[in-house]
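Step one of this worksheet: look at the structure below.
The values are calculated or read from the model by the stated rules, or taken from the named source; none is laboratory data. These numbers were taken from a predicted model, which means no experiment stands behind them. All Cβ positions, even for glycine, are placed from backbone atoms using ideal geometry, and neighbour counts span all protein chains on display.
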Amino acid sequence: MFNVHAAGGSRMIRETVDAVAACAGKRGVKSPVVLAVTVLTSLNDSDLLEIGFEKTTNDLVMHLAKMAYMAGASGVVASPRDIAAVRRDYGEDFVIVTPGIRSADEPVKDDQKRTLSAFEAIRAGADYIVVGRPIRNAPDPLTACRRIVDEITGGLAPRESA
């Protein structure tokens, strides 16, 4: 799995997709997933204004997701709050990797502004979630990990029954 920042533009995304495919082809293996990072989960609308973006967080995420899709990326890295819109516009085959996961039982207040629980992210359609701090910073990381796994299992239940 490779990722690039979507803000690098469609040319960079396309060249990465092409280079990864060429390299995989030379080795006779399936091309790895190439993802474009949209907007960091630590940024909200006011942060985007501060750094010079005039779009809302949602509008910028959707703009970058469209650019990534059109440039041939396999999917995006997007906040849990962006999953449903990206999934709606780009379908089930467009991979969504989601950081900013927090435990439903113990929501953590830190620099991450656009977060959801693992259950909510999986239910919304995330293909993969990235979980760091809720496990790393937990007094009992194993128990925290088990809670996250339970949330994932609960979020997957509707998919498995469909």
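Assorted remarks:
- Number of the condition not met by residue 24 [criteria: (1) farther than 30 Å from residue 143 by Cα; (2) under 14 Å from the mean Cα position of the chain (by Cα)]: (2)
- Residue 149 in a loop (DSSP other than H, G, I, E, B) and more than 23 Å from residue 10 (Cβ to Cβ): no
- One residue from 97, 86 being modelled with pLDDT of 95 or more, under 18 Å from residue 40 (Cα atoms) and part of a strand (DSSP E or B): 97
- Subset tally (residues that are free of Cβ contacts under 8 Å to residues at least 24 places away in the same chain and hydrophobic (A, V, I, L, M, F, W, C)) for the range 112-137: 1
- Which numbered condition residue 20 fails, given (1) under 26 Å from residue 127 (Cα atoms); (2) not in a helix (DSSP H, G or I); (3) not polar (S, T, N, Q): (2)
- If you filter the range 100-129 down to residues that are in a loop (DSSP other than H, G, I, E, B) and hydrophobic (A, V, I, L, M, F, W, C), you find that the one that is surrounded by the most Cβ atoms within 10 Å (Cβ to Cβ) is 126.
- Search result, residues across the range 123-148 that are of a type in the set (D, E, K, R), closer than 26 Å to residue 87 by Cα and at pLDDT below 95: 123, 133, 147
- Listed by first and then second residue, the pairs linking a residue in the range 76-92 that is crowded, with 24+ Cβ neighbours inside 10 Å to a residue that is charged (D, E, K, R) and part of a helix (DSSP H, G or I), with Cβ atoms under 7 Å apart and 6 or more places separating them unless they lie on different chains, are 80/120.
- Residue tally, condition aromatic (Phe, Trp, Tyr) and touching a residue at least 12 places away in the same chain (Cβ under 8 Å), over the range 42-75: 1
- Residue 35 falls short of the stated requirement of being free of Cβ contacts under 8 Å to residues at least 60 places away in the same chain, of a type outside the set (Val, Ile, Thr), within 15 Å of residue 98 (Cα to Cα) and not in a helix (DSSP H, G or I).
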